[in-house]
Amino acid sequence: MTLLGNGRVVTPEAVLDPGWIEISGERIVEVGSGEAARPLDVDLAGRVVVPGFVDTHVHGGGGASYLSATQAETATVVQFHRSHGTTTTFASLISTTAPELERQVAALAELAADGLVDGLHLEGPWISEARRGAHDPAVLRPPTTEELERLLALGRGTIRMVTLAPELPGALDAVRRIVDAGVVAAVGHSDASYETVRAAVDAGASVGTHLFNGMPPLHHREPGVVGALLEDPRVVVELVADGIHLHPATVALAIRAAGPDRVSLVTDAMTAAGMGDGDYTLGGLPVRVVDGVARLADSDSIAGSTLTMDAAFRFAVQTVGLSLEQAARVASTTPARTFGLSDVGALQPGMRADLVVLDADLQVTAVMRRGSWVSGDPTRTKEGS
């Protein structure tokens, strides 16, 4: 048994201040407020404890990419993001040729089955050329039954989400097949009308991929993709909360409109996360990072991000104005629930002991996953003393 206490423990109901958490093996066995009944194993000294972050849209980080689909690079990405509090992660792929996508899915399915990542997200290639962003236009195509079935078979149950544009030929049938396979269908990189997106949601689509990005802006006479996704209680919307993809007021507006139970923070991070400015690639396209902003080298198109989930959490609290409970919900609880991850996303008895310890400035001091410290020191101060 491990007892952590004398901290600000953020549960779905409240912030327990002071609060304590008792852990046995990989599981949380009890959470309470006030003084613990026995001496603490870890004195949190007032630090904030939140559930481990759940990032369901991430391409890379720490100088590595999930697109390589190798064990070594995948492990590098996972460990980099774990050090920033992400204890559950999907490997997001982007548009590429059919043979390459099949190679990536087959290789990453093995790594997901081994538990290195928690699932796969296919972002493309079935997206709109007009709203492609940093996707190579040469490899975009409509979905076909044959390709979808091959990918689902190669994924062996590890594909968690597929992002597609519902206006493409065959897309609504693809949504139905994706959902029938137990996979989340997401609308994104789309130029669809309001009515077409509504049809996709009626067909089973339940996520909006990085809302506002890769789609037309909300218009008072044509609500389009944004309006259809934001208004529908069946849909959870992703937000890239870095102050670059979205203005803080836009993040606040979306959360007020949908509520924290329908918003998931994601990073959309690429290789450059944690690596500094310079030249990189994403899906074979050259990317230049300047002042932490990743854009295609030959245009102004944003190319993923250099965001980490702890930075998104801080932005949500310190800039957008969310409470700690609301920020924990959009960074952990809602994404976990969206994908049926029933044992992560909240600090409650019976849940997996995945948690992040934050100092007074909401900087990560330690990360626990499955009951073991995987990064940092839970008693360390910001200065390292």
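What follows is calculated from the coordinates using simple rules that are stated; it is not laboratory data. Every value quoted in this text rests on a predicted model; they were computed, and no experiment measured them. Backbone-built Cβ (ideal geometry, glycine too); neighbour counts: all protein chains shown.
Listing for the model above:
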| quantity | calculated |
| --- | --- |
| Max mean-square fluctuation residue, GNM over the chain, Cα-Cα springs under 10 Å, options LEU296, LEU120, LEU67 | LEU296 |
| Under Karplus coefficients 6.51, -1.76 and 1.60, residue-wise ³J(HN,Hα) of segment 258-267 in Hz, glycine/proline x | 8, x, x, 6, 10, 10, 10, 7, 9, 9 |
| Degrees, to the nearest 10: 145-155 long Cα axis against longest axis of the chain | 30 |
| Among PHE212, PHE339, PHE313: highest mean-square fluctuation, GNM of the chain, C-alpha pairs under 10 Å | PHE339 |
| Tilt relative to the chain, helix 171-180 - C-alpha long axis, 0 to 90 degrees, to 10 | 40 |
| Fully extended contour minus Cα-Cα distance, from VAL374 to HIS219, at 0.36 nm per residue | 51.2 nm |
| Angle in degrees between helix 98-113 and the longest Cα principal axis of the chain, rounded to the nearest 10 | 20 |
| Karplus-derived HN-Hα couplings along segment 199-214 (A = 6.51, B = -1.76, C = 1.60, θ = phi - 60°), whole Hz, x at Gly and Pro | 5, 5, 5, 4, 7, x, 4, 9, 9, x, 6, 5, 3, 6, 9, x |
| Fluctuation leader among LEU285, LEU152, LEU101 - the chain, Gaussian network, Cα springs under 10 angstrom | LEU285 |
| Rg and Dmax of segment 58-201, Cα atoms only, in Å | 14.8, 44 |
| Vicinal HN-Hα couplings computed from phi for segment 327-340 (Karplus, 6.51 cos²θ - 1.76 cosθ + 1.60; Hz; Gly/Pro x) | 5, 5, 5, 6, 8, 9, 5, 5, x, 4, 5, 4, 9, x |
| Structure-derived Rg/Rh (Cα atoms, Kirkwood Rh) - corresponding label in (i) 1.05; (ii) 1.00; (iii) 0.97 | (iii) |
| Within the chain, helix-based [θ] at 222 nm, where runs of 4 or more DSSP H residues each add -39,500 (n - 2.57), nearest 500 | -7000 deg cm²/dmol |
| Distance in nm between pseudo-label sites at ASP300 and GLU146 (7 Å out along the Cβ direction from Cα) | 4.2 |
